[in-house]
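Shown next, in structure tokens, is the structure this report addresses.
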Amino acid sequence: MRPAGKVIVTCAVTGSSHTPTMNNDIPMTVEEHIDQSVAAAQAGAGVIHLHARDPRDGRPVSDVGIFREYCAGIKERSDAVISITTGGATGQTIEERLRVIKELKPELATCNLGTMNYGLFQMIPKYEGRWKYDWEEPFLASTKDEPFVNRFSDIEYMLTVLAAETGCRFEFEAYDIGHLYTLAFYADQGLVPTPIFMQFVVGTLGGIGADVENVFHMKEAAMRLFGKDAEWGILGGGRAQFDLVTTGATLGGNVRVGLEDSVYLRKGKLAESNAEQVEKIVRILTELSREPMTPDETRDVLGLKGIDQVAF
């Protein structure tokens, strides 16, 4: 049962959608990832969501060693829940994406609920001719031809073998209504323990659009399918980030911010850090008479195994 007036605040510190050209303050080195994660936790984030980047040029990678350094460094300085991606980036195989979970055994990992077109190519014209690194434009362009692959067999493997081997729980990422029905199918099979923690990913090209009405739509479907067994939250892509997560909060949902989802703090103002975005959503929550859950409250609400049970 969620404590009254409390909200899970997640910070996704880097992701793979945005490239270094888009914001100079996207973390690239191990130290930058650790420092920004710890600062975000101190600002009120109970969950830190991690992708990894090559420290030399910022390209997305699935290197277990880099993830281990991130996780160990954050754990040394913070008690935040660490959630590791299984989505990775376009071009990475499912085996690469899951190896990190197998080896590090985090408390929480993402589970993406379907194969989809995940369009990043539409951002190219804005930055044409200004790229810092030669990998950025081809990476974004590849999303026009290469889908984001999450097969039924991959989801089943995560819910059965990976969960049993690592003891991690999942935050289920739903990019559209159909993904919620996929999750409901597996819940009906007894493969999804409660409480079910889901994130509505609103505003990705290829998924449900960045309209406030879609937040209501996703919430209504989730409540109908899962009822009291659901802990849900909103992450908003791009310019609609704070509009969407604030709407979610007013409807009783949890929230996610961070440079993975948007490189801006507000219109025309680039965010200088992940902590700056966390501080903003905490101010908004305070005005709504809500407050962030502590990491331990988050662990209790989500039924997590505890930070002493991880392998980093």
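Nothing in this text is a laboratory measurement; each read-out follows from the coordinates by a stated rule. Nothing here was measured: the structure is a model prediction, and the numbers come from that model. Don't worry about glycine lacking a Cβ; one is built from the backbone with ideal geometry, like all the others, and counts go over all protein chains shown.
If you filter the stretch 128-150 down to residues that are surrounded by fewer than 14 Cβ atoms within 10 Å (Cβ to Cβ) and among the charged types (D, E, K, R), you find that the one that is nearest to LEU108 (Cα to Cα) is GLU146.
Pull up the stretch 61-82, narrow it to residues that are under 27 Å from LEU113 (Cα atoms) and surrounded by fewer than 23 Cβ atoms within 10 Å (Cβ to Cβ), then point me to the one that is farthest from the chain's Cα centre (by Cα).
As a first pass, look at the stretch 61-82 and keep what is under 27 Å from LEU113 (Cα atoms): 61-68, 70-71, 80-82.
Remaining after also requiring surrounded by fewer than 23 Cβ atoms within 10 Å (Cβ to Cβ): 61-66, 68.
Values: VAL61: 16, SER62: 15, ASP63: 18, VAL64: 18, GLY65: 20, ILE66: 18, ARG68: 18 Å.
So, considering only residues that are under 27 Å from LEU113 (Cα atoms) and surrounded by fewer than 23 Cβ atoms within 10 Å (Cβ to Cβ), the one farthest from the chain's Cα centre (by Cα) is GLY65.
Confirm whether GLY119 is in contact (Cβ under 8 Å) with a residue 60 or more places away in the chain and buried (at least 21 other Cβ atoms within 10 Å of the Cβ).
Values: in contact (Cβ under 8 Å) with a residue 60 or more places away in the chain: yes; buried (at least 21 other Cβ atoms within 10 Å of the Cβ): no.
In short, no.
(1) small (Gly, Ala, Ser); (2) assigned to a helix (DSSP H, G or I); (3) surrounded by fewer than 23 Cβ atoms within 10 Å (Cβ to Cβ): which one isn't true of GLY209, the others all being true? With respect to (1) small (Gly, Ala, Ser); (2) assigned to a helix (DSSP H, G or I); (3) surrounded by fewer than 23 Cβ atoms within 10 Å (Cβ to Cβ), GLY209 is out only on (2).
Any idea which residue in the stretch 244-273 is farthest from the chain's Cα centre (by Cα), counting only those that are more than 22 Å from GLY58 (Cβ to Cβ) and aliphatic (A, V, I, L, M)?
Of everything passing the filter in the stretch 244-273, LEU251 is farthest from the chain's Cα centre (by Cα).
When LYS219, LYS280 are screened for being basic (Lys, Arg) and under 30 Å from ASN24 (Cβ atoms), only LYS280 passes. Look at the stretch 1-23: where a residue is within 15 Å of LEU288 (Cβ to Cβ) and a partner is part of a loop (DSSP other than H, G, I, E, B) and of a type in the set (A, V, I, L, M), sitting 6+ places away or on another chain with Cβ atoms under 7 Å, you get LYS6/MET293; VAL7/MET293; ILE8/MET293; VAL9/ALA45. Only one of the listed residues (ALA89, ALA41, ALA45, ALA52) is more than 22 Å from ALA275 (Cα to Cα), in contact with a Ser or Thr (Cβ under 9 Å, 6 or more places away or on another chain) and either buried (at least 24 other Cβ atoms within 10 Å of the Cβ) or in contact (Cβ under 8 Å) with a residue 40 or more places away in the chain (or both). That residue is ALA89.
PRO106: in a loop (DSSP other than H, G, I, E, B) and either aromatic (Phe, Trp, Tyr) or surrounded by 17 or more Cβ atoms within 10 Å (Cβ to Cβ) (or both), yes or no? Spelling it out, PRO106 is indeed in a loop (DSSP other than H, G, I, E, B) and either aromatic (Phe, Trp, Tyr) or surrounded by 17 or more Cβ atoms within 10 Å (Cβ to Cβ) (or both). Just checking: which of the helices (runs of 4 or more DSSP H) contained wholly in the stretch 214-312 hold 2 or more residues that are among the acidic types (Asp, Glu) and more than 18 Å from GLU173 (Cα to Cα)? The helices (runs of 4 or more DSSP H) meeting that bar are 274-287, 295-302.
Just to be sure I understand, how many residues within the stretch 151-176 are assigned to a helix (DSSP H, G or I) and buried (at least 16 other Cβ atoms within 10 Å of the Cβ)?
Going through the stretch 151-176 one residue at a time, the tally reaches 7.
With respect to (1) more than 14 Å from GLU136 (Cα to Cα); (2) assigned to a loop (DSSP other than H, G, I, E, B); (3) over 17 Å from the mean Cα position of the chain (by Cα), the lone exception for ARG56 is condition (1).
Tally up the residues in the stretch 239-262 that are touching a strand residue (DSSP E or B) at 6+ places or on another chain (Cβ under 9 Å) and surrounded by fewer than 18 Cβ atoms within 10 Å (Cβ to Cβ), please. Write out each step before concluding.
Pass one, the stretch 239-262, residues touching a strand residue (DSSP E or B) at 6+ places or on another chain (Cβ under 9 Å): 239-249, 251-262.
Now narrow it down to the ones that are surrounded by fewer than 18 Cβ atoms within 10 Å (Cβ to Cβ): 239, 243, 251-252.
Looking only at that region, the number is 4.
Selection within the stretch 180-206: residues that are in contact (Cβ under 8 Å) with a residue 24 or more places away in the chain and assigned to a helix (DSSP H, G or I). The member of this set that is surrounded by the most Cβ atoms within 10 Å (Cβ to Cβ) is LEU183.
Taken as a whole, the structure leaves PRO125 outside the set of residues that are in contact with a strand residue (DSSP E or B) (Cβ under 7 Å, 6 or more places away or on another chain), over 21 Å from ASP54 (Cα atoms) and surrounded by fewer than 18 Cβ atoms within 10 Å (Cβ to Cβ).
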